[in-house]
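Every read-out reported here was derived from the displayed coordinates using simple, explicitly stated rules and does not represent laboratory data. This structure is a prediction, so every number in the text was calculated from the model and none was measured. FYI the Cβ positions are ideal-geometry reconstructions off the backbone, even for glycines, and counts take in every protein chain you see.
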Amino acid sequence: MRVEDLTKTLDHSMLASGVTAEQVVEACQEVRELHVAALCSLPEFVPVMAELLRGCDVKVCGVIDFPGGDSGAELKAAQAARAVEDGADEIEVVMNYRGMLAADFRGARDELRAVTRAVRGKAANGGRGDVLIKVIIEAPLMNDKLIRLACKIVEDVGADFAKTCTGVGTTATVHDVEIMRDALSERVGVKAGGGVRTLADVQILVGAGAARVGTPATPQVLAELRALSGS
């Protein structure tokens with residue numbers, strides 16, 4: 001795999017507990033040089049990311065209700081809309097996976113529908129064009145049947161990607177990616193994230209069907225690939 005082929009598969013994650021504005025600023029400088037797909041961080045950092053990434057090819061991704069996913073439809077939708085207003089090109093939102101595990105499928109679906117409507121409406125009203133929506137389903141906590149149902153909900157509400165997990169106590173697996181890819185139509189992509197630290201991790205998840213891979217170790221992954229390719 002060539003470096004230029006991999007870079008637009010990678011989302012650089014700045015979601016660790018205690019991440020600071022200074023660290024996000026440094027990450028903006030890094031990703032401008034790395035040309036990855038997106039820089040993903042918490043909503044409070046979206047304005048600075050939007051300012052520092054303006055005019056470059058790296059998208060700004062605001063991550064909503066991370067990592068719990070249980071703040072409720074009203075707050076989720078408001079945070080997502082505000083992130084779009086602040087300059088987010090992409091939104092990631094954590095599904096109410098605890099509700100899913102408790103069989104409150106309608107509640108989980110209605111929350112996500114509120115978020116997608118808020119994002120689409122804010123983007124349209126602001127003349128922003130399309131804003132990509134990715135839903136983190138926390139697949140490692142679900143059985144295969146529930147993963148498939150979660151993917152159906154993601155697709156039904158009009159989101160663009162389903163993501164494996166938050167990475168907070170969970171890790172993306174090949175099995176989860178394969179189940180998700182099989183459950184979704186070609187319109188909806190799969191993003192793998194959680195515990196991804198090496199080039200080998202990225203390659204195996206892409207091979208399983210992930211169109212995007214999130215990692216906090218983007219510079220190291222790309223350095224590994226450059227070393228292997230001799231570039």
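In loop segments of the range 34-96 as defined by DSSP, the trypsin sites (Lys or Arg not before Pro) with at most 14 further C-beta atoms inside 10 Å of their C-beta are 54. This model, with +1 at the C-beta of Lys and Arg and -1 at the C-beta of Asp and Glu, gives the chain a dipole about its Cα centre of some 460 debye.
Under the rule of -39500 (n - 2.57) per DSSP H run of 4 or more residues, summed and divided by the residues of the chain, what mean residue ellipticity at 222 nm is obtained, to the nearest 500 deg cm²/dmol?
-14500 deg cm²/dmol
If contacts are Cα pairs under 8 angstrom and at least 6 residues apart, what is the relative contact order of the range 1-44 in percent? Over the range 1-44, the number comes to 56 percent.
The ranking of 176, 57 by Cβ neighbour count inside 10 Å, starting from the fewest, reads 57, 176. Only bridges with both residues in the range 3-229 count here: give the DSSP antiparallel percent, nearest 5. Bridges in the range 3-229 are about 0 percent antiparallel.
Contact order, relative form, for the range 129-230: 23 percent (alpha carbon pairs under 8 Å, 6 or more residues apart, mean separation divided by residue count).
Classify the range 57-150 as rounded, prolate or oblate, taking a ≥ b ≥ c as the square roots of the eigenvalues of its Cα gyration tensor: rounded when a/c is under 1.5, otherwise prolate if a/b is larger than b/c and oblate if not. Mind showing how you got there, number by number?
Details: a/c = 2.31, a/b = 1.87, b/c = 1.24.
Verdict is prolate for the range 57-150.
Which whole-number percent is the relative contact order of the range 3-229 (Cα, under 8 Å, 6+ apart)? List each step's numbers first, then the result.
Working: 454 pairs, mean separation 38.1, N = 227.
Worked out over the range 3-229, it gives 17 percent.
Give me the net charge of residue 164's neighbourhood, meaning all other residues with Cβ under 10 Å from the Cβ of residue 164; Lys, Arg count +1, Asp, Glu -1.
On the way: positive: 163, 191; negative: 138, 176.
Once all neighbours under 10 Å are counted, the net charge is 0.
Restricting the range 145-200 to trypsin sites (Lys or Arg not before Pro) that sit in a DSSP loop and have at most 16 other Cβ atoms within 10 Å of their own Cβ leaves 187, 197.
Considering only 198, 53, 72, and ranking their Cα positions along the charge dipole of the chain that arises from unit charges at the beta-carbon of Lys, Arg, Asp and Glu, the one farthest toward the positive end is 72. Once the chain from residue 187 to residue 200 is taken as fully extended at 0.36 nm per residue, the excess over their C-alpha distance is 2.0 nm.
Net charge of the neighbourhood of residue 58, taken over other residues with C-beta under 12 Å away and scored Lys/Arg +1, Asp/Glu -1, is -2.
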